[in-house]
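Just so you know, all these numbers are worked out from the coordinates, no wet-lab data involved. Every value quoted in this text rests on a predicted model; they were computed, and no experiment measured them. For neighbour counting, all protein chains shown are included, and Cβ atoms are generated from backbone atoms with ideal geometry for every residue, glycine included.
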Amino acid sequence: MRLQKQKQPYVLGHRGASGYAPENTMESFKMALEMNCDGVELDVQMSKDGELVIIHDETIDRTSDGTGWVKDLTFQQLREFNYNKTHPEYQHCDIPKLDEVLSLFKGTNKIINIEFKTAIIKYPGIVCKVMDLVDEYDMNNQVIYSSFNHQHCVDVLDRQPDAYVGFLYEDGFLEVIDYVKRHNGTALHPALYLVEGAEWVKEAKEKGLEINTWTVNLPEHMEIACQLGLTSIITNYPDVAMKIVEKYK
Ligand code: G3P
Ligand code: CA
């Protein structure tokens, strides 16, 4: 899959519409869908009993009223807590399973950027489990896979060479364009501060790589992303980004 150039930049809601609703919850994904942005980004991890769950941190402490590692709690135990902490104006939010999110977006034209949150915990078999589920839902043409753990990017491509795979990175990365090309990646997923004023953007585009940057929350940065012709803006405020992107179409 490639994203259609005439529609760029795409707007993807980071952890849903997480500027307005508790991150990585169904409430946040539904809000992004209602805003009619181009899709969402989410983080996938695995419970003790092997359920694919959507949560950013390796522990539930920051986003819920519970405590503990995702890997040490069964899905039933994880569901006992309230994941409304980043927006307490919401009364109660569950931790979602990946299949619940896929169901929500099935039949739409929206993109789901599934980030394997596997830098610290290498959940055994997580890549196959996620890809099996996407196959089951027949949603390959809607999914962007990404990870800071580039082994998992390569694992996706080994199984499905035409998968859309974005390599996430932050500071201190040398020769990233050639590196991602060498591993057959589809896109660079750089932190926003690597993009501002970057001269390598032109080279990356010429070499056929797409560029999806995060987390673009200020209007002036959204403007820069549009001016540079980036492929996607990943933002907590999809409604704001859509208004800005509209000006450039
Ligand atoms: O996928 C883009 C972005 O979400 C990566 O950073 O920490 O928000 O998962 P983080
Ligand atoms: Ca993420």
Practice prompt. Report the residue count in the range 20-75 for those that are closer than 19 Å to E89 by Cα, within 16 Å of ligand 1 (Cβ to nearest atom) and assigned to a helix (DSSP H, G or I).
Written response: 3
Worksheet item: Of F173, F105, which residue is among the aromatic types (F, W, Y) and crowded, with 20+ Cβ neighbours inside 10 Å?
Response: F105
Worksheet item: Within the range 83-98, which residues are out of contact with any Pro (no Cβ under 9 Å at 6 or more places or on another chain) and surrounded by 17 or more Cβ atoms within 10 Å (Cβ to Cβ)?
Response: D94, I95, P96, K97, L98
Worksheet, complete the sentence: The condition of being of a type in the set (D, E, K, R) and either touching an Asp or Glu at 6+ places or on another chain (Cβ under 9 Å) or without any contact (Cβ under 8 Å) to a residue 24 or more places away in the chain (or both) holds, among K247, K181, K205, only for K247
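Per-residue answers, yes or no, for (1) over 27 Å from I126 (Cα atoms); (2) more than 11 Å from ligand 1 (Cβ to nearest atom); (3) crowded, with 20+ Cβ neighbours inside 10 Å:
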site: V143; (1), (2), (3): no, yes, yes
site: V156; (1), (2), (3): no, yes, yes
site: R159; (1), (2), (3): no, yes, no
site: G185; (1), (2), (3): no, yes, yes
site: E196; (1), (2), (3): yes, yes, no
site: T215; (1), (2), (3): no, no, no
site: N236; (1), (2), (3): no, no, yes
Fill in: Residue list for the range 92-144, filter: within 14 Å of ligand 2 (Cβ to nearest atom) and of a type in the set (S, T, Y)
T118
